[in-house]
Amino acid sequence: MPIYEYACSACGHKFEALVRSGTEPQCPACKSSELDKLLSVFATTTTHTAPAMPSPCASCSHAGGPGGCGMN
């Protein structure tokens, strides 16, 4: 049972409707069945983050001193 977004041609009301097979949705505001199906925008989330860039030499406290680490 998909959820669709509609705009009513009669009154302009925009709404979402859960559409079951064999049923025809109606506008909840004016009860018209003259509806235009709208293009839905999907919600997404991103959990991936880019790795941090290494800091420039001499900013760490490597025992070899500035330039002593393997970053050069």
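Ordering 35, 18 by the number of other Cβ atoms within 10 Å of each residue's own Cβ, fewest first, gives 18, 35. A cut-off of 5 Å between modelled amide H atoms, ignoring neighbours fewer than 5 places along the same chain, links residue 13 with 8.
Values in this text are rule-based calculations from the coordinates and carry no lab data. These numbers were taken from a predicted model, which means no experiment stands behind them. Note that we place each Cβ from the backbone using ideal geometry, even for glycine, and neighbour counts take in every protein chain shown.
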